[in-house]
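Inspection log for the structure reproduced underneath, given as structure tokens.
Laboratory data are not the source of any read-out in this text; all were calculated from the coordinates shown. The structure displayed is predicted, hence computed values, not measured ones. Note that each Cβ is placed from the backbone with ideal geometry, even for glycine, and that neighbours are counted across all protein chains shown.
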Amino acid sequence: MSEERTLRWSLVTHTGLSGAENMAWDHTLALSCGPRTAVLRFYDWSPATLSLGRNEPARRVYSTEALRRHRIDLVRRPTGGRAVLHDRELTYSVCVPLRALGGVRAAYATLNRALAAGLRRLGAPVGLATSGAAVPLDAGPCFQDPAAGEVMADGRKLVGSAQVRMGGVLLQHGSILLEDDQLRIAALTSRGTHATGTGPAVLREILGREVGREELTLALVEGFAEVVPGDWRGPTREDRLDADALPTSPRAELVQHYSSAEWTWRR
């Protein structure tokens, strides 16, 4: 039996965690991932948080005063990519052995297909971008430009994702927009401008109704189980990973790391 078929998937859900806590959880789950285990996690953020890519410029770009005035937290992710405002959205993360899905590029394609399959279960007319030029890290927010393979709807980006390798494990996480608030990022910059444009695709507009995080989570779990190889009997029976049984010391240290100004404002 191939390695991918023996993967045992677990499901983790969190709500009401800060940006630093969320990044520490993703990091911890990646460190805890074994050669035959994988984790799918869904979470939201409290308070609303602007997350930056690992190497994205922050100094002289974003304003601490504007962030404080708008009551938005700031955190830097372990993954690449560009800025995302996490407020009216659902974030997913996947921790999986790198070899299990055929490497970084193959995993990216598989996971995006899984996201699209889950969204179609809600009736969302989504597809995958067939092209997309690489953009520099200082080119603006994540949802401003689609990359090849990302989930699209109505010609606009609906899901923004980023990856990082941690030893032999791949961490990929991303944001699925329920409402359109990504244009608010412009007001958080040092210039404090107000963005214009149509903005990214959002589920409420695509479906013509509001979608709750629980409904979205259930549809996405089904999409992942349909597309991604492995044993999904646990998650589909809501046999969730006992996340609290994981080592707490590394997670506590990682919360401090992702809370630190040295990390957040490193660039």
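A few notes on this one:
- Relative contact order computed over segment 25-138 (Cα-Cα under 8 Å; 6+ residues apart), in percent: 33 percent
- For residue 95, neighbours were defined as the other residues whose beta-carbon sits under 9 Å from its Cβ, and their charges (Lys and Arg +1, Asp and Glu -1) total 0.
- Label sites at residue 204 and residue 61, each approximated as a point 7 angstrom past Cα along Cα to Cβ, lie 2.8 nm apart.
- The ranking of 206, 176 from fewest to most other beta carbons within 10 Å of each one's beta carbon is 206, 176.
- Amide H contacts of residue 178 (H built 1.01 Å from N, under 5 Å, at least 5 apart or other chain): 89, 90, 203
- Length available on full extension from residue 191 to residue 120: 0.36 nm per residue minus the Cα-Cα distance, which gives 21.7 nm.
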